[in-house]
Structure formats: C-alpha cells, structure tokens
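Right, one structure below, let's go through it.
The values are calculated or read from the model by the stated rules, or taken from the named source; none is laboratory data. Nothing here was measured: the structure is a model prediction, and the numbers come from that model. Positions of Cβ are backbone-derived with ideal geometry, glycine not excepted, and every protein chain shown enters the neighbour counts. Only protein heavy atoms, including side chains, enter the accessible area calculation; ligands, DNA and RNA are left aside. Shrake-Rupley method; radii C 1.70, N 1.55, O 1.52, S 1.80 Å.
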Amino acid sequence: MLKIAVVGSGKIGTSIIKSIIGKYEVIATARSKETLARIKDLGIETTTDNSYAVKGSDVVILSVKPYHFPSVVSQVKSWEGKTVVSVMAGVKLSTLTRITKTKVFRAMPNINASILESSTAVAGEEDSLVTEILESFGKVYWVQEELIDAWTALVGSGPAFLAEIIDALVMGGVSVGIPRDLAYHAVLDVMKGTANMLKAKAYHPSNLRDEVTTPAGTTIRGLAILEREGVKSALMETIEAAFKRSREIGDEIDKGIREKLNV
Ligand SMILES: NC(=O)c1ccc[n+]([C@@H]2O[C@H](COP(=O)([O-])OP(=O)(O)OC[C@H]3O[C@@H](n4cnc5c(N)ncnc54)[C@H](OP(=O)(O)O)[C@@H]3O)[C@@H](O)[C@H]2O)c1
C-alpha cells in the first residue's frame, strides 16, 4: 500500500489524515505530545521524527505553517524519490524544488476539507496520483501556479465571506419575523439548493435571477436595494483585496524561507 507522510498534523493536516486513512498507509508528524496523542487515536503511526517519516514514505504532504518549514527542512536529510505535496500558503514551487530537489506540487485546499468538500487548486505537472490523493477530501482543479493567490482569496477565504452573507440573510429573515433557527436552516437550504440548481441547469446566474424575478414583484424590490447599495461591486472588491493580501503575504513568506535556508 502506498505510504503517505503528513508532516504537520494541525487543522488542515488532521482533515487530510482523516480523509486518507484506510486508502493509504499514513504516518503523521507533529511537535507536541498532545497533538501526537490526538492523532494516534485515529489509529495511525505517529512520530516527531520528520526524517524517519519522510524516509519511509512514498508521498509527503507538507502541512506545517510556512514559518515552521525551515525546521522541517533542517531535520529531513533527503527527499530523493519522494512526491512532495505542499499545502503551505505562500511557499512557491521554485522554492520547494530548490529545497527538496524532487517532484513537487503546490496545493491550496480550504476549510471544507474537514467535511471532504474542499475545492482544492493544485499547481505542478499534472499527476494522477496527486489528483487521487487530493480528491480524498474534495474536488481538485489543476491550475497554473500564478492562480494560487487568487484561489486563496476566492476559495480559501470564500467560506468566511459566504458565512457573513448567510448571517446577514438570516438577520434579514429574523427582521421580518422568522425565528432565528428556522431562518438559519432556510438560508442554508436556499444556498445549497441554488448552487445545485446552477450546476444542474448549467446556465448563467443571471438566468436564474430572471426566472425568479416577476415584473413588479417582490424579488425586483430586493434586487433594487442590492444594486443601490453596490453589493456586487463590494463583493468583487472583497476578492480583490483578499487577493492582494494573499500575494503580499506569499511574497514575504517565500522570501523569508529562501533567506533562512539560503536557496
Ligand atoms: N487551516 C486551513 O484551512 C488551511 C487551508 C489551506 C492551507 N492551509 C495551510 O496549511 C498549513 C497548516 O495550517 P493549519 O491551519 O493546519 O495550522 P496548525 O493548525 O497550526 O497546524 C500546524 C501543525 O504543524 C505542526 N508542526 C509545527 N512544526 C512542526 C515540525 N517541525 N514538525 C512536525 N510538525 C510540526 C504543529 O504541531 P503541534 O500541534 O505539535 O504544534 C501543528 O500540528 C499552513 O501552511 C496553512 O497556510 C491551511
């Protein structure tokens, strides 16, 4: 059975581990006894020894915070022959290649990986094994590395933006008399149903909008407010602002790692 080392068993590392257990042999690493104990309960091999974990594996998933990556690099003697998949924000493929001198991939999942519904972008030379592994926790899209910062803004931060929108709609529901819990479930149903509807019909969102909008009806009154308040442009700018910050942080992170490791 293919063996995968998950280096860094935090929030995203744990989601990944849970999704691949049983499909692959897994060894996971962390620094603290507490984290190792929590992961051991999942029934897999654990260790603080990154060198040992990498040596005995075919594939290595790097899921430490980027500023902890140099300490991992100082421990791992050789990455030769390994397939390395990094989910670390900011660390560029060129830097990963210079450090590991092996086949590297840079992936950006999102928090929905914890319920196996991530939307994961991955950059590198397209590889069916990497697709198969990443599909364990959701959908996989191969992209050029240039898109990873944009993906981080749209898809990485996306759940937070949608959560805000959901919260606002629920408050609107409460404002017109629907009990909070009921409004909350209704909004989640509407979100999910709308996404499924758009997928099923494969048409543009404006088609769906027009289908719902009766002349002189209720929807057009609401749409007029969305227009007046500039909600669409605010959302577009939201993604742009997140993108700029993602690029800024990414550049800082990558530069920091290259300087620290002299690569
Ligand atoms: N969270 C997300 O939704 C998400 C999404 C996409 C990408 N990412 C990326 O994934 C990476 C991890 O994020 P996270 O939110 O999962 O962080 P986290 O919860 O802080 O997890 C980091 C883990 O790395 C471990 N670690 C630190 N130094 C280590 C070392 N030298 N050797 C082995 N393990 C070590 C820590 O161990 P201890 O617990 O023992 O300290 C911890 O379990 C980041 O680079 C982030 O950009 C996260």
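Tabulated values for the structure
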quantity	calculated
Whole-number D in µm²/s for the range 152-263 (Stokes-Einstein; Kirkwood sum over Cα pairs; 10 °C, 1.306 mPa s)	93 µm²/s
Solvent exposure ordering (accessible area, 1.4 Å, most first) of Ile20, Ile111, Ile166, Ile178	Ile111, Ile178, Ile166, Ile20
Heavy-atom surface of the chain, accessible at 1.4 Å and reported per residue (Å²)	58 Å²
Volume in Å³ per residue [convex hull over Cα atoms, computed for the range 46-93]	81 Å³
Quotient of Cα Rg and 2.2 N^0.38 Å for the chain, N being how many residues it contains	1.18
Accessible area, probe 1.4 Å, largest first, for residues Asp189, Asp58, Asp254	Asp189, Asp58, Asp254
Residues with amide H under 5 Å from that of Ser118, placed H, sequence gap 5 or more	Ala113, Gly138, Lys139
Of all accessible heavy-atom area on the range 158-229, the percent that carbon and sulfur account for (1.4 Å)	65 percent
The range 208-263: Rg to Rh, with Rh as the Kirkwood radius over Cα pairs	1.44
Cα-based radius of gyration of the range 81-143 once divided by 2.2 N^0.38 Å, which approximates compact folds	1.07
Helix runs (DSSP H) in the chain reaching 30 Å along axis by Cα, Kyte-Doolittle at least 0.0	none
Shape category assigned to the range 132-205 from the gyration tensor of Cα positions, a/c cut at 1.5	prolate
Mean Cβ count within 10 Å, highest first, over the residues of peptides 206-216, 23-33	23-33, 206-216
3J(HN,Hα) from dihedral phi, the range 74-90, Karplus parametrisation 6.51/-1.76/1.60, rounded to Hz, x for glycine, proline	5, 8, 8, 6, 9, 10, 4, x, 8, 9, 10, 10, 9, 10, 6, 5, x
Over the chain, relative contact order from alpha-carbon pairs under 8 Å, at least 6 apart, %	16 percent
Largest to smallest principal axis extent of the C-alpha atoms in the range 3-148, angstrom	38, 33, 24
Between the range 31-46 and the range 238-263, the alpha-carbon center distance in angstrom	31 Å
